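Structure, as structure tokens:
The values are calculated or read from the model by the stated rules, or taken from the named source; none is laboratory data. Everything numeric in this text was worked out from a predicted model, so none of it was measured. Here Cβ is always computed from backbone atoms with ideal geometry, including for glycine, and neighbour counts include all displayed protein chains. The area values use the complete protein model at the heavy-atom level, side chains included, leaving out ligands, DNA and RNA. Shrake-Rupley method; radii C 1.70, N 1.55, O 1.52, S 1.80 Å.
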Amino acid sequence: SMKSALMSFTRSMAAEFAGDGIRVNALAPGPVDTDMMRKNPQEVIDGMVSGTLMRRLASADEMVGAALLLTSDDGSYMTGQVIMVDGGGSAALATRALLSVLLAVALSVTASRLRVETCSSYLVATVAMRIGSILATPATG
């Protein structure tokens, strides 16, 4: 499955680059309200939403917190991890098949530079731009 492939790829890349001080993690979102999602027929969207425990689409902004954790000093001891931000879709797998599409983002941090190693769709661009603006904003207080 796509989820298994993502997890395997992330772990392999983490093992490969850990010696160079590069962390590799992935963000696996469930169905997100994007232009691409809205191009689907409503019954397809409804099917994806019903595959989550939260029974709704996520906003792209809801991916930012997990992405920041993976790319900031707060996640400095994390590598080879896949964080599922899917509204409980992966938890729903215990009783039925997950109908949402997983979009994979493998993120790595080396020193203070963020590099998007592999990306998919508009969601990643939105998250990357949001992270960039947050990281570029001087801390106050």
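Of all the accessible heavy-atom surface of region 51-95, with the other protein chains kept in place and a 1.4 Å probe, what percent is carbon and sulfur?
On the way: 1300 of 2360 Å².
Ligands and nucleic acids excluded, carbon and sulfur reach 55 percent.
Work out the FRET efficiency for Arg38 and Lys3 from their Cβ-Cβ distance, taking R0 = 22 Å, and round it to the nearest 0.05. Spell out each step's value before the answer.
Details: r = 24 Å, r/R0 = 1.09.
Computed FRET efficiency for Arg38 and Lys3: 0.40.
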What distance in nm separates the simple spin-label points at Arg56 and Ala18, each placed 7 Å from Cα in the Cβ direction?
3.8
Long-range amide H partners of Val32 with built H, under 5 Å
Ala58
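Which sequence of Glu43, Glu62 reflects their accessible areas, 1.4 Å probe, from the largest down?
On the way: Glu43 135, Glu62 80 Å².
Correct descending sequence by accessible area is Glu43, Glu62.
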